[in-house]
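S.K.: Pasting a structure below so you can have a look.
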Amino acid sequence: MAIGFSGSNGGITANQKRIPRSDLQYPIFAQKYPYPMEVSYFINNVCNLRCRHCYVAYEENKNALSVEEWKRVFDDLISMGALTFGNVGKEPLLDWDETRGLLSYFKGKKESIPKLRFGFVTNGTLLDGAKIEDLDRIQPDYIDISLDGTKDAHDYIRGSGSYERTMNNLKIMSQYKATETVFISFTANRLNLSTIGGLIDALYNLSVKKILISPYVTRDKTDRLYLSDEGIIKWAEKLLAGNVIDFSKYQGLNIYIKNDYTTTFSLMEKLAHSGIIDKHNLLVDDYGVIFNKYTFNRNDVYLNYLPWDDFLVRAIRISHDGYVSNCFDMFFTEYPERAIGNVRRSSIREILHYNTQLLAVG
C-alpha cells in the first residue's frame, strides 16, 4: 500500500510555549495543554486525477451526506469542543456547491468562535477565477494545494499537464488575498526530493511561502517512489545545515515537516535519536501541536512530534457516507467494517462517547 499524506490544519500558531519532556504523556498533556479535536471529512470520494501515491486509491461516491446532514454533525462536534475542520477529499472542487456551502457555514460559525479553523485539500487543477473569488470572500484559514515537485516529477506522479494547470491557477490566486492562506502539500519521495529547491523558487515568486512536507509511505521497496527513513533523515540533516535551500534568498518562508503516529512513528523516533527532533526543546501551540522549530534568516522550519495515537482523543475522520474512523482506516475499501459508527445511525456525540468509554476501559 502506498500512502501520500496531506493536511496542514492551518499550520502552527504564533503563540508557542516550551513543553517539558516530562509532559509528553497523554494523561498529563491532556490536563495541562489545549487539546481540541481535529475533524477531517470527505465531501466526496472521487477525483479527476489518478496519482501514483494516492492513499485512497479507490472511488465510492454513493450515499454521500447532504450539506444539511454535515451541518448537523458539525454542530454537535463544535458543541463538544472541536475547533479544526478539514475537507480532505477526495477532490472537493468536483463538488464545489457543497464544498462552498460548508465553507460558508464554518465562516458563520467562526464569527462567534474566533478560534475555529477550517479549510480544504485540493490538487488545484480545477480552480478558476470564480472559485478563487468565492474563496477570497469566505476566507478559509487554509487551502492545501498539492504539488509534488517541479514539472517532470509532479507530472510523473499526478499526470501529464497537471503541474502547469495547478501553477497557472496559483498565478491567478496570487492576485487575491486568498493566496496568503495557501499551503503547498508536498509528498516527499525518492523521485522528487531533489526538486524542492526549484519548486520553492517558483512558489515564492507567486507569494506562496508555506510548504507542508509529508514523507511518502509504502510497503513496496521496489516502488520507484520508495524513500527509506534513512533517506529522509539524511535529507533533513542537509536541510538544517543549509545545503538544500538557500534561505538567504527568502524571508517569511515556513516549511512544515509532518509526521504521523500510525505510519511514521519509527521515522519520528529515528529523527529524535539523530537529534533532528530534540525532545528537550519541544514547543506546543494553541491547538496542542508539539514541534521543534528552526529559524534561518527569518524563515522557519517546523518538525512535529506526536508521541501517542490521537484517534478519538484528538482526531477523527468522517467518510462521504458518514462512517467515523481514524485516517488510516479510510485507506481501505472495507472502511465501513473498520469504522466505529455511522452518523446516519447514531449521533456523532453518541459514537464518540461510547468509543471513548471503551478506550478508557480497554
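S.K.: Does the range 311-324 hold any residues that are free of Cβ contacts under 8 Å to residues at least 60 places away in the same chain and surrounded by 20 or more Cβ atoms within 10 Å (Cβ to Cβ), and which are they?
M.R.: Start the filter on the range 311-324 by keeping residues that are free of Cβ contacts under 8 Å to residues at least 60 places away in the same chain, which leaves 311-312, 323-324.
Those that are free of Cβ contacts under 8 Å to residues at least 60 places away in the same chain and surrounded by 20 or more Cβ atoms within 10 Å (Cβ to Cβ): TYR323, VAL324.
S.K.: Restricting attention to the range 255-287, which residues are charged (D, E, K, R) and touching a residue at least 40 places away in the same chain (Cβ under 8 Å)?
M.R.: LYS258, ASP260, LYS270, LYS279, ASP285, ASP286
S.K.: Okay, next question. Residues GLN16, GLN25, GLN31: which one is in contact with a Lys or Arg (Cβ under 8 Å, 6 or more places away or on another chain) and either closer than 18 Å to LYS258 by Cβ or surrounded by fewer than 19 Cβ atoms within 10 Å (Cβ to Cβ) (or both)?
M.R.: GLN16
S.K.: In this structure, is ILE233 assigned to a loop (DSSP other than H, G, I, E, B), without any contact (Cβ under 8 Å) to a residue 60 or more places away in the chain, over 21 Å from ASP201 (Cα atoms) and open to solvent by less than 30 Å² (accessible area, probe 1.4 Å)?
M.R.: Against the criterion (assigned to a loop (DSSP other than H, G, I, E, B), without any contact (Cβ under 8 Å) to a residue 60 or more places away in the chain, over 21 Å from ASP201 (Cα atoms) and open to solvent by less than 30 Å² (accessible area, probe 1.4 Å)), ILE233 does not qualify.
S.K.: Oh, and also: Just one of ARG117, ARG52 is open to solvent by 10 Å² or more (accessible area, probe 1.4 Å) and at pLDDT 95 or above; which is it?
M.R.: So the residue among ARG117, ARG52 that is open to solvent by 10 Å² or more (accessible area, probe 1.4 Å) and at pLDDT 95 or above is ARG117.
S.K.: Would you confirm, using the coordinates I've provided, whether ASN9 is part of a loop (DSSP other than H, G, I, E, B) and open to solvent by 30 Å² or more (accessible area, probe 1.4 Å)?
M.R.: Values: part of a loop (DSSP other than H, G, I, E, B): yes; open to solvent by 30 Å² or more (accessible area, probe 1.4 Å): yes.
Yes.
S.K.: Taking the range 153-170, which residues are over 15 Å from THR187 (Cα atoms), assigned to a helix (DSSP H, G or I) and either without any contact (Cβ under 8 Å) to a residue 24 or more places away in the chain or of a type outside the set (Lys, Arg) (or both)?
M.R.: Within the range 153-170, SER162, GLU164, THR166, MET167, ASN168, ASN169, LEU170 qualify.
S.K.: Now for a separate question. Among the listed residues ASP136, ASP148, ASP144, identify the single one that is within 19 Å of SER207 (Cα to Cα), modelled with pLDDT of 95 or more, acidic (Asp, Glu) and open to solvent by 20 Å² or more (accessible area, probe 1.4 Å).
M.R.: ASP136
S.K.: If you check GLY108 against the conditions, is it at pLDDT below 95 and open to solvent by 10 Å² or more (accessible area, probe 1.4 Å)?
M.R.: In short, no.
S.K.: In addition: What number goes with the only condition from (1) open to solvent by 30 Å² or more (accessible area, probe 1.4 Å); (2) among the small types (Gly, Ala, Ser); (3) in contact with an Asp or Glu (Cβ under 9 Å, 6 or more places away or on another chain); (4) modelled with pLDDT under 95 that GLY242 does not pass?
M.R.: (3)
S.K.: For the range 277-304, enumerate the residues that are in a loop (DSSP other than H, G, I, E, B) and open to solvent by less than 10 Å² (accessible area, probe 1.4 Å).
M.R.: ILE277, LEU282, GLY288
The values are calculated or read from the model by the stated rules, or taken from the named source; none is laboratory data. The structure presented is a predicted model; accordingly, all values stated were derived computationally and were not measured. Neighbour counts run over all protein chains shown; Cβ positions are idealised from the backbone, glycine included. Keep in mind that these areas ignore ligands, DNA and RNA; they rest on the heavy atoms of the full protein, side chains included. Shrake-Rupley method; radii C 1.70, N 1.55, O 1.52, S 1.80 Å.
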